[in-house]
Amino acid sequence: MLLLQFSTSHYCRKARLALGYKRINYKSENLTPGLHILKVKPLTGLTTLPVLLPQIEGQPQAIADSTKIFQFLETYQPEPPLFLPNHEQQTEAWMLEDWLDESIGTATRFVYYQFRAGEGKQIDPSLSSQIVIGVVRKQYGINNATVELATSRLATALEVLSIRWQKSDYLVGSSLSVADIAAAALLSPLALIPHYRQGYPWLFERIVKVHQLCSEPLPPGLN
Ligand SMILES: N[C@@H](CCC(=O)N[C@@H](CS)C(=O)NCC(=O)O)C(=O)O
């Protein structure tokens, strides 16, 4: 299998965590932002990464979107299961996964790139890094007003997650689910931001634990 990815993308991390949890051997190819469209659009009709190429006869040529990758992996290799045995709990895990994907992963991106362009500029002050950050900010409309909205959405999300993750090791049920993996990946960029590191120690403990369960190297700031 081959994972087409951006090496620093939190959505690509989400796919890698699932592959690691399933103990699947795969290779990854890092694409260049912008140029990636030439390779990805003809394969999937979309422009986003991650994209998984199973490279196995009888299997689809390409699977786009991290959620679809979860579904493919569960069918392809059911053990260890990523889906919860209780239908009601699995439905709840999907609901959290979708919310984390569509709303919280985006909010993280806004807050993270705002940090990297300001207070966190010294993490990589090189011209090339600052150009990439500038392009991303423009592409997604990241500015003071949109970051303020994203910050308050993240605060609510962390309330919701704290109730669940501080009560139990897992967001839903009694084993790792799509919700835990989505949360661990999509909130991981916050590890570089002192405000979150100091205010939410339990979050980073859980992120580390999920990475260990999935044999995935820890994200920047936690490694
Ligand atoms: N819902 C998608 C979101 C993926 C996504 O937003 N990927 C970003 C990188 S973090 C991307 O590929 N952006 C480039 C583009 O949209 O052209 C998923 O879960 O796979």
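The numbers here are math on the coordinates, done by the rules we state, and not lab data. Here the structure is a predicted model, which is why all the values come from computation and not from measurement. Cβ: placed from backbone, ideal geometry, glycine included. Neighbour counts: every protein chain shown.
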Q: Identify the GluC sites (Glu not before Pro) of region 1-108 meeting these criteria: DSSP loop state and at most 14 other C-beta atoms within 10 Å of the C-beta.
A: 57
**Q.** Sparse-neighbourhood loop sites, trypsin sites (Lys or Arg not before Pro) in region 22-73 - DSSP loop, at most 11 other Cβ within 10 angstrom
**A.** 23
Q.
Need one number: convex hull volume per residue for the chain, Cα atoms only, in Å³.
A. 123 Å³
Q.
Given the DSSP H assignment, sum -39500 (n - 2.57) over each helix run of at least 4 residues in the chain and divide by its residue total; what's the result at 222 nm in deg cm²/dmol, nearest 500?
A. -17500 deg cm²/dmol
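What order do you get for 215, 128 when you list them from fewest to most C-beta neighbours inside 10 Å?
Values: 215 12, 128 8.
Ascending Cβ contact count within 10 Å gives the list 128, 215.
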Q | For region 20-48 versus region 162-223, the gap between their alpha-carbon centres in whole angstrom | A | 24 Å
Q. Summing +1 for each Lys or Arg and -1 for each Asp or Glu, what net charge is found among the other residues whose Cβ lies under 10 Å from the Cβ of residue 67?
A. -3
(Q) Could you order the peptides 133-143, 8-18, 204-214 from most to least packed, using the average number of other C-beta atoms within 10 Å per residue? (A) 8-18, 204-214, 133-143
